[in-house]
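In what follows, a structure is listed as structure tokens, so that the remarks can point back to it.
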Amino acid sequence: NGILELTFLMAIDYTHSMLANQASTAITASKSIQDSDLATLAISSSVAAYVRSLTTNASRSSTQQALTIAADILAPGFLPPSKGPGRNGNGSERFAKTCQLPFHQLRTDRLAELRAELLRSGSSTSTINKVLAAVKGVLYQCWKSQLIDGETLARAKASLTVVKGTTV
């Protein structure tokens, strides 16, 4: 029974991995992320599942950008270098790679470092808070997918407190 279950789980993991690789290849080739690509990535990625749960294209796009910023900080060198913004850039490719990061394995000290690095970067308060909110959303998706428990989620959220800003 245990061997059969393990074999079944390994086959599911392999299938999910193959689907994610196919979706990543399609995204890289097309330079844009379609809902069907997100659906395929969402099978094995809490990042894609969270982004897919957002209701508007504008929120999906800004959240993809925010999570890519987080990935650049959390895993230096993991993403391909940016080729610039807009249609000529490679934001979709970078986001597809971001979907491969195991956000459920992030520890609270690393999340606190993310927040601190964002503060040091000189980014606007709204950008920092967007990145923090996106990471919290992914961690909530990890909890819904039973990849982390409630206590881990609460500690992670406590490490990602909102940055207060002033307006002129």
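Ignoring lysines fewer than eight residues from residue 136 along the same chain, the ones with Cα atoms less than 20 angstrom from its Cα are 97, 144, 157, 164. Given axes a ≥ b ≥ c from the Cα gyration tensor, I'd like to know whether the stretch 77-124 is rounded (a/c under 1.5), prolate (a/b larger than b/c) or oblate. Because a/c hits 1.5 or more and a/b fails to exceed b/c, the stretch 77-124 counts as oblate.
Answer rounded, prolate or oblate for the stretch 74-168, using the Cα gyration tensor with square roots of eigenvalues a ≥ b ≥ c: rounded when a/c is under 1.5, else prolate when a/b is larger than b/c, else oblate. The shape class here is oblate. Karplus-derived 3J(HN,Hα) values for the stretch 59-74, using 6.51 cos²θ - 1.76 cosθ + 1.60 with θ = phi - 60°, are 5, 4, 5, 5, 6, 4, 5, 5, 5, 5, 4, 4, 5, 4, 7, 6 Hz; glycine and proline are entered as x.
Rule-based calculations on the coordinates, nothing more; no lab input. Not measured: the values here are computed from a predicted model.
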